[in-house]
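Q: Encoded as structure tokens, here's the structure I'll be asking about.
Bear in mind these aren't lab numbers, they're just calculated from the coordinates by the rules spelled out. Predicted model, so just to flag it, every value in this text is computed and none were measured. A quick note on method: Cβ atoms are made from the backbone with ideal geometry, for glycine too, and the neighbour counts reach across all protein chains shown.
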Amino acid sequence: MQSRIAFLQKNLAKLQEVRYNKKYHQNRKCDIIMKIAIITGASAGLGKEYLAAAPQYFPDIDEYWLIARRQDKLEEAAKLVNRQCRIFPMDLTKEDSYRRLEAELQKLTPTVALLVNNSGCGYLGNVGEGELENQLRMVDLNLKGLTAVTHVTMPYMEKGSRIINVSSIASFCPNPRMTVYSAGKAYVSAFSYGISEEAAGRGITVTAVCPGPMDTDFIYLGEIKGNSKTFETLPYCDPKKVVQGSYKAALAGKRCYTPRAFYKLYKILAKLLPVGITMKMAKT
Ligand SMILES: NC(=O)c1ccc[n+]([C@@H]2O[C@H](COP(=O)([O-])OP(=O)(O)OC[C@H]3O[C@@H](n4cnc5c(N)ncnc54)[C@H](OP(=O)(O)O)[C@@H]3O)[C@@H](O)[C@H]2O)c1
């Protein structure tokens, strides 16, 4: 019985691979296939570190496609790598951005060897207070933008392609005062696990990365710095180490990477303890 199931699973995976390759190769316009990496939020913070370290871990990537709103910062970041970079100054909360990415992929038909969904924002404040725009921006960027970029990119992936989705320790349990952010990151992690299973037959791996606080623009833009006791007490993560750890985890085919022993333990506790208790600890 077990060998029969294994046989069926193997053939289903083969069928999936053939189906995707057929659709993909029908659109190919030339024989030389360019291998690219797409990094969102490459203009600052963690995304810039993902870009800087990528050639060391993915030496066969020919071109980097860099996405964020600030063109000048993307151009500056592009100097970090000794490779061709294509700059996409766009706002991923807007539908025309991922439609443009989709059109560019259709035109050039590259192989996407690496996708790093890193763009993100987080704002402190209770739901029902402060600006509605901030709550909606988190949904539009962290959930909708990430989903759309992944959806339009996946048809251009092949066996060995990697997806890294930047989630957060906020995904482990709801964080009152950052409820939309933490619920959104729970989506990012669940989405990553789901597509990792869907894409396993094609040999694509998906890794959700769950860092703790990092000293990047994020904590200033979201007015978190100086306004949250939790953020003041928690140990910070070094963005360079987070990137190294996530590339290693992605290359090893791991579904999740959480830096620092402290946060690994927190993840286990958040699974074991009732949500009413963990939420009190996780209140930002
Ligand atoms: N810092 C932390 O404490 C922390 C902790 C856990 C997880 N994270 C996650 O780590 C990821 C990276 O954040 P970071 O800490 O590096 O913060 P950051 O320095 O503020 O970087 C955020 C990046 O996202 C881009 N971005 C923002 N809004 C965008 C939009 N509408 N469209 C396209 N790109 C946009 C920004 O570029 P432009 O401004 O040029 O658009 C920037 O490159 C995020 O997903 C965040 O949720 C951060």
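Q: Within the range 115-188, list the trypsin sites (Lys or Arg not before Pro) lying in a DSSP loop whose Cβ has at most 14 other Cβ atoms in a 10 Å radius.
A: For trypsin sites (Lys or Arg not before Pro) across the range 115-188 that sit outside H, G, I, E and B with at most 14 neighbouring Cβ atoms in 10 Å, the list reads Lys159.
Q: What base-10 log of the normalised intensity I(q)/I(0) is obtained for the range 156-284 from the Debye formula, alpha carbons as equal point scatterers, at q = 0.14, 0.18, 0.20, 0.21 Å⁻¹?
A: The Cα Debye sum returns log10 ratios of -0.63, -1.00, -1.17, -1.26.
Q: With θ set to phi - 60°, apply the Karplus curve 6.51 cos²θ - 1.76 cosθ + 1.60 along the range 104-117 and write out the HN-Hα couplings as whole Hz, x wherever there is a Gly or Pro.
A: 5, 5, 5, 6, 9, 6, x, 9, 8, 7, 8, 10, 10, 8
Q: Here is a follow-up. PRE reach from Glu223 (point 7 Å along Cα→Cβ): which of the range 180-198 fall under 16 Å by backbone N?
A: Answer for the range 180-198: 180-181.
Q: Then there's this: Per DSSP H run of n ≥ 4, the term is -39500 (n - 2.57); total these for the chain, divide by its residue number, and report the mean residue ellipticity at 222 nm rounded to 500 deg cm²/dmol.
A: -15000 deg cm²/dmol
Q: If we count other beta carbons within 10 Å of each Cβ, what is the order of Lys73, Lys94, fewest first?
A: So the ranking, lowest neighbour count to highest, is Lys94, Lys73.
Q: Find the eigenvalues of the gyration tensor of the Cα atoms of the chain, then list the square roots of 5 times those eigenvalues as equivalent ellipsoid semi-axes, largest first, in whole angstrom.
A: They are 32, 24, 17 Å, listed from largest to smallest.
Q: Here are some pairs, Lys240/Lys264; Lys48/Lys248; Lys225/Lys280; Lys94/Lys185; Lys159/Lys185; which of them have Cα atoms lying more than 24 Å apart in this structure?
A: Correct reply: Lys159/Lys185.
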